[in-house]
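The values are calculated or read from the model by the stated rules, or taken from the named source; none is laboratory data. Nothing here was measured: the structure is a model prediction, and the numbers come from that model. Note that each Cβ is placed from the backbone with ideal geometry, even for glycine, and that neighbours are counted across all protein chains shown.
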Amino acid sequence: MKRIIITVSAVLLLAGCSDFLNIRPEGTTTSEGLDYTKGENIIKPISAAYAELRSYDSSSFPLLGCLGVTSDDQDKGSTPEDGASTKEMDEFKYDAANELISAQWTGYYNIVSAANNAISQMGLFKEQLSSDDLKAEAEQGIGDAKFIRAFAYFRIVTMWGNVPIIDKIMTSEELAAVPQSTPDQVYALIVSDLEDAIARLPEKWPKAYTGRVTKYSAMALLAKVYLYRQNWNKAAQLCDQVIASGRYGLLENFRELFSVDGEFCKESLFEIESTDLGKSSGDAAYTTYAYVQGPRNNTPNNMQGWGFGTPSQSLIDFYTARGEVVRPATTLLYSGTTTPEGDYISNKCPNPVYNGKVYTPKSYNDWSGNGYGYDHNLRVIRYAEVLLIYAEAISRGAPVGALSGKTALEALNEVRDRAGLAPETEATTAKILDERRAELALEEDRFLDLVRTGRAEAVLGELGYEEGKNNLFPIPSTQLQLNENLNQNPNY
């Protein structure tokens, strides 16, 4: 039976599942006409900002094209004649006209816009609400919105470098005149937003708000930001706080971690929720991230997708050379095999292997006309990554955390133990980076990880990557036309 989660995927003012199934998903919620004297309206702009996270442009096919197939872990997949724009990404032959790059830019700036709107709306609630408790709820809502905005800008700055900062509601004329800011300026906004979010957000939410980010979510994202900024001390300190909180841990079963039932488990710090709201048609709150990676031409109808983003032979060989069993058993979904859940993946599928981390059993795929993976959340930040950020920061010179006392080796081996691997005797940076690849494979982390560690040219050069060019994506040509203040990135 399908599990119905009452979470931020919809307006969270309900008493039971029957009401939950009848409400509109927040993607259709507008802030126009809100009564700012009513506390029950506070969640609506916040919920709309969360909804923007799962848009097609930000979290579906364009995400897979830009940050998935550009890595050495994923190939284009599908069929040779399908997906010309994705093929350009796979071969590093894209330019400023590539539709996937344009969609990603639009998707992330739409998230920024929704977050800016929520921040503005929370200010209006604070002005007109009479209850101190409700005012405090609006303050927390600012924390949600600033986390969301920081996440979007983290993706934007790592993908494009010099970009416009839009931190308030603007007219179209104003937007068309915003100049580019430097990465340092963008990162300053990201850090400020996350520090503010940490101060505002609670340590945990009531069950009705499952899925909303917490102060520990913001700490984990800020730790990753500092990892990219090579501020090892601050990255380790933030991870140390998350570890010492005792609120998180590795889920014992790696396969369960990526199941529908494993969503928002003890390992989850940030997920982008996708749900069909328990319906077979109509409005719903899903993203097609899993669907576009589902086995192509599989049967029955609700067990197939577009077949893009297939695991590469490089990743398979990497797992094999390490003697991995546990992680590839979940990560790699082979054609011609039957899953532990009883679904046969046809040997007639055009690709030999698909992304098993988005595999969704037939019993969950109730949407009419297919619906594969509509109930599958995107895992964005997991506790395993917190441990690996912590270990890497210490391996690069940060001191062991004063709160947890955990060493880099202990953090590394905690991740390895869950994967059924023998413990390492030394936590070198190289070993930790390899562990990141093994643990986070197919989670759209690998390409940016190679760029930020300076390994992209060595690893991806034979695939067409050029240092000094492909370390950033081109600013979309459509944006250059809209805003004459924008300058194209080098070598495009």
Checked Thr360, Thr320, Thr339, Thr330 against criteria (modelled with pLDDT of 95 or more, within 27 Å of Arg418 (Cα to Cα) and touching a strand residue (DSSP E or B) at 6+ places or on another chain (Cβ under 8 Å)); the one match is Thr339
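Yes/no matrix, rows are residues, columns are (1) among the aromatic types (Phe, Trp, Tyr); (2) in contact (Cβ under 8 Å) with a residue 60 or more places away in the chain; (3) closer than 20 Å to Leu53 by Cβ:
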{"residue": "Met122", "(1), (2), (3)": "no, yes, yes"}
{"residue": "Ile142", "(1), (2), (3)": "no, no, yes"}
{"residue": "Tyr153", "(1), (2), (3)": "yes, no, yes"}
{"residue": "Ile166", "(1), (2), (3)": "no, no, yes"}
{"residue": "Met170", "(1), (2), (3)": "no, no, no"}
{"residue": "Glu173", "(1), (2), (3)": "no, no, no"}
{"residue": "Leu189", "(1), (2), (3)": "no, no, yes"}
{"residue": "Asp193", "(1), (2), (3)": "no, no, yes"}
Out of (1) among the small types (Gly, Ala, Ser); (2) within 27 Å of Phe264 (Cβ to Cβ); (3) not in a helix (DSSP H, G or I), the one Ala411 does not meet is (3)
For region 223-251 the number of residues that are among the small types (Gly, Ala, Ser), surrounded by fewer than 20 Cβ atoms within 10 Å (Cβ to Cβ) and in a helix (DSSP H, G or I) is 2
Within region 75-86, residues over 20 Å from the mean Cα position of the chain (by Cα) and either in a loop (DSSP other than H, G, I, E, B) or under 27 Å from Val157 (Cβ atoms) (or both) come out as Ser78, Thr79, Pro80, Glu81, Asp82, Gly83, Ser85
_Can you find a residue that is surrounded by fewer than 22 Cβ atoms within 10 Å (Cβ to Cβ), under 30 Å from Val260 (Cα atoms) and not aliphatic (A, V, I, L, M) anywhere in region 394-407?_
no
- Boolean, Arg212 is within 16 Å of the chain's Cα centre (by Cα), assigned to a loop (DSSP other than H, G, I, E, B) and under 19 Å from Ile272 (Cα atoms): yes
I'd like to check something: does region 252-262 contain any residue that is part of a loop (DSSP other than H, G, I, E, B) and buried (at least 21 other Cβ atoms within 10 Å of the Cβ)? yes
Restricting region 410-437 to residues that are surrounded by fewer than 21 Cβ atoms within 10 Å (Cβ to Cβ) and of a type in the set (A, V, I, L, M), the one nearest to Ser59 (Cα to Cα) turns out to be Leu433
Of the residues in region 154-179, those that are outside any helix (DSSP H, G or I), more than 21 Å from Ser58 (Cα to Cα) and not hydrophobic (A, V, I, L, M, F, W, C) come to Thr171, Pro179
Quick count over region 87-142, residues being outside any helix (DSSP H, G or I) and crowded, with 18+ Cβ neighbours inside 10 Å, is 3
Within region 298-315, residues modelled with pLDDT under 95 and part of a loop (DSSP other than H, G, I, E, B) come out as Thr299, Pro300
When region 433-446 is checked residue by residue, the ones that are in a loop (DSSP other than H, G, I, E, B) and either over 23 Å from the mean Cα position of the chain (by Cα) or more than 24 Å from Ala96 (Cα to Cα) (or both) are Ala441, Leu442, Glu443
Among (1) modelled with pLDDT of 50 or more; (2) surrounded by fewer than 24 Cβ atoms within 10 Å (Cβ to Cβ); (3) closer than 22 Å to Ile119 by Cα, Tyr56 falls short only on (3)
Of the residues in region 422-444 that are of a type outside the set (Val, Ile, Thr) and free of Cβ contacts under 8 Å to residues at least 24 places away in the same chain, the one that is farthest from Glu410 (Cα to Cα) is Ala430
Thr478 passes all but one of the listed conditions (1) in a helix (DSSP H, G or I); (2) buried (at least 17 other Cβ atoms within 10 Å of the Cβ); the exception is number (2)
Note: among Leu221, Leu238, just one is under 27 Å from Lys406 (Cα atoms) and within 19 Å of the chain's Cα centre (by Cα), namely Leu221
By residue number, the members of region 447-492 that are within 26 Å of the chain's Cα centre (by Cα) and charged (D, E, K, R) are Asp449, Arg452, Arg455, Glu457, Glu466, Glu467, Lys469
Residue set Gly371, Gly323; condition surrounded by fewer than 19 Cβ atoms within 10 Å (Cβ to Cβ) and assigned to a loop (DSSP other than H, G, I, E, B); output residue Gly323
